[in-house]
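The values are calculated or read from the model by the stated rules, or taken from the named source; none is laboratory data. Since we're looking at a predicted model, the values are computed, not measured. Glycine also receives a Cβ, built like all others from the backbone with ideal geometry; neighbour counts cover every protein chain displayed.
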Amino acid sequence: MEQNVLLDLSHISKRYKTELALKDINITLHKGEILGFLGPSGAGKTTTIKIITGQLRQTSGEAKILDTDTVNIDESIYEKIGVVSDQSGIYEKMTVWQNLSMFAKIWRVPSVRVEEVLHQVELYEHRKKPAGKLSRGQTQRLVLARAVLHKPRILFLDEPTSGLDPSTAVSIHKMLLGLKEEGMSIFLTTHNMEEATKLCDRVALLYQGKIVECGSPKELCLKYNQNKKYHLLLNNQEEVVLEQSPQNIAKISEWMQRDEIQCIHSCEPTLEHVFLQVTGASLGLASM
Amino acid sequence: MDNINKLKAVAQIKWICISRNTAIMIGPLLTVAMVWMVKILYSINSGGDLSPILVSLILSLGISLNLCMDGFLMVGTAIAEEKEKHTLRVLMTSSVTGMQYFIGSILFPFVLMNIINIVVLVISGISMSQVSVVAFLLVSAVASLISCVMGMIVGLCAKNQMNANLISYPLMIVFMMIPMFGNLSEKLHHISGFLFTGVLTEMASGFAEGMSYTLKPLDIAVLIGELIISILVFLVLYRRNGYEKD
């Protein structure tokens, strides 16, 4: 395993009775990288995380995490990784502080780190509040705080902002980028393409258990930018979208010379369009 | 040292969760209250003087209630609550081992059950000079342990707290009702001798009636056998799905 490769999945497949949930998954995660696993519900994102973190055994293939085959890992792996799933719960009857301090005891983390993390997720003022009284956004921040309390080398996030309001999602994005800056590797599953574009260094598009495309968001968007188009706003407030052709280039050039253009944008496809192009299904409909 | 720290943390989490769950904590309180109330009622009916048979009935009631309600329900419901609130998987993905979770989960209920057994003994009206405390504590400890393991089995099988209660009821009918009414029917008394709850209530009844009680080979076989069977059932279920089925 390459020195800065922390996670290496090779030909991973998973079969549930008759259903093939994952088909020949190959992917690596490097140090300080955010890798996005994108796909609609039921694509196999959570199954992949469960296999990597030793909660589920693959049917075939090899998964290595921090140089150890996932078949051979035991509970001690959780001292080096953090896991947040969309169903990660909190102890509602305990205070915010207790929720973290109990896990600090398990991981032998000093209480000063609890304080630090609470400041980081902006929950320090709420530390004496029963966790059950937190809002959904605050609860998710507490879950995230618990997952990074022991400074894991890899953080697994399964739909971390699902169902959150935009401002909470933004604050979580900010936190994740901060953790990346600190050198933490993040394996993120989401069906939110905008989130993936914003956060991920690389994304893998997962559809019906198979990686159908992989690369940096920019790379993928440019790769599938086959019909180049330009969006223009003219001085008379007219909006036009023009395909790249000799006639349209001449038209744009003429408008430019006459200073008739207020703004101009190239129209690269979004990750959502890429997904649609590759799979023939949109993210919303793909799972149906 | 590391293992002890994790065990302490799990036990502390369980202590906070159980002690703040009114539905669970009503069990031990109800046991003590019932014993106390039944003792008063029996005293009134018998003109203030409790006969050994009445003390024996009070003890059977209190001990059976304690071992079943506190063991099956307290341990089982607490695990079911963790499943319901999605904290069990969090704990199991935080480097806590299955064994640490097992011991941490039963520690507080085990201690509480033994304390309640002693409280029941003291408030039942029995003369403490008639009680062989060491033997009672020993049998109480083994019976409490069996009850806790059975509670863990309930927790493994239950999906939520309501489900844990439902699973506990048939167990309670067998392990609580039979020893409780063993004094009223010869058949029930005979069956009670094959139950771990029956062994302890029989022992307490013996003390109440002023007999010098010694554990018979059958009692020892019942206690050890039921402990082994409950541990085996737990292990089989645990190996199949862990604490939570995917």
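Worth pointing out:
- Which listed residue is buried (at least 24 other Cβ atoms within 10 Å of the Cβ), over 19 Å from residue B:209 (Cα atoms), within 12 Å of chain A (Cβ to nearest Cβ) and over 17 Å from the mean Cα position of the chain (by Cα), from B:4, B:13: B:13
- Helices (runs of 4 or more DSSP H) within the range B:43-97 that include 3 or more residues hydrophobic (A, V, I, L, M, F, W, C) and within 14 Å of chain A (Cβ to nearest Cβ): B:76-84, B:88-92
- Counting the residues of the range A:67-89 that are more than 9 Å from chain B (Cβ to nearest Cβ) and of a type in the set (Ser, Thr, Tyr) gives 2.
- Of all the numbered requirements in (1) over 22 Å from residue B:9 (Cα atoms); (2) away from every other protein chain (no Cβ under 13 Å); (3) of a type outside the set (D, E, K, R), residue A:96 misses one, and that requirement is (1).
- Per this entry, residue A:213 is counted among residues that are charged (D, E, K, R) and surrounded by 15 or more Cβ atoms within 10 Å (Cβ to Cβ).
- Helices (runs of 4 or more DSSP H) fully within the range A:113-219 that include at least 2 residues being among the basic types (Lys, Arg) and more than 23 Å from residue A:6 (Cα to Cα): A:136-148.
- All of (1) among the acidic types (Asp, Glu); (2) surrounded by fewer than 16 Cβ atoms within 10 Å (Cβ to Cβ); (3) closer than 21 Å to residue A:215 by Cα hold for residue A:19 with one exception: (3).
- Hits in the range B:203-226 (condition: out of contact with any Phe, Trp or Tyr (no Cβ under 8 Å at 6 or more places or on another chain), more than 14 Å from residue B:130 (Cβ to Cβ) and charged (D, E, K, R)): B:216, B:219
Residues are listed down the side, and each one gets a yes or a no for (1) surrounded by 22 or more Cβ atoms within 10 Å (Cβ to Cβ); (2) of a type in the set (Gly, Ala, Ser); (3) within 20 Å of residue B:151 (Cβ to Cβ):
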| site | (1), (2), (3) |
| --- | --- |
| B:52 | no, no, no |
| B:57 | yes, no, no |
| B:68 | yes, no, yes |
| B:87 | no, no, yes |
| B:90 | yes, no, no |
| B:99 | no, no, yes |
| B:102 | no, no, yes |
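- Odd one out for residue A:141 among (1) crowded, with 22+ Cβ neighbours inside 10 Å; (2) within 13 Å of chain B (Cβ to nearest Cβ): (2)
- Residue in the range B:36-51 that is among the aliphatic types (A, V, I, L, M), modelled with pLDDT under 90 and in contact with a helix residue (DSSP H, G or I) (Cβ under 7 Å, 6 or more places away or on another chain) present: yes
- Every residue from the range B:16-32 that is more than 7 Å from every other protein chain (Cβ to nearest Cβ), assigned to a helix (DSSP H, G or I) and crowded, with 16+ Cβ neighbours inside 10 Å: B:18, B:24, B:27, B:28, B:31, B:32
- With respect to (1) in contact with a strand residue (DSSP E or B) (Cβ under 6 Å, 6 or more places away or on another chain); (2) touching a residue at least 60 places away in the same chain (Cβ under 8 Å), the lone exception for residue A:242 is condition (2).
- Subset of the range A:29-56 (residues that are under 29 Å from residue A:108 (Cβ atoms) and either more than 10 Å from chain B (Cβ to nearest Cβ) or among the polar types (S, T, N, Q) (or both)): A:29, A:30, A:31, A:32, A:33, A:34, A:35, A:49, A:51, A:52, A:53, A:55
- Condition check for residue B:154: of a type in the set (A, V, I, L, M) and within 17 Å of residue B:63 (Cα to Cα): no
- Test: residue A:109 is touching a residue at least 40 places away in the same chain (Cβ under 8 Å), aliphatic (A, V, I, L, M), within 14 Å of chain B (Cβ to nearest Cβ) and not in a helix (DSSP H, G or I): yes
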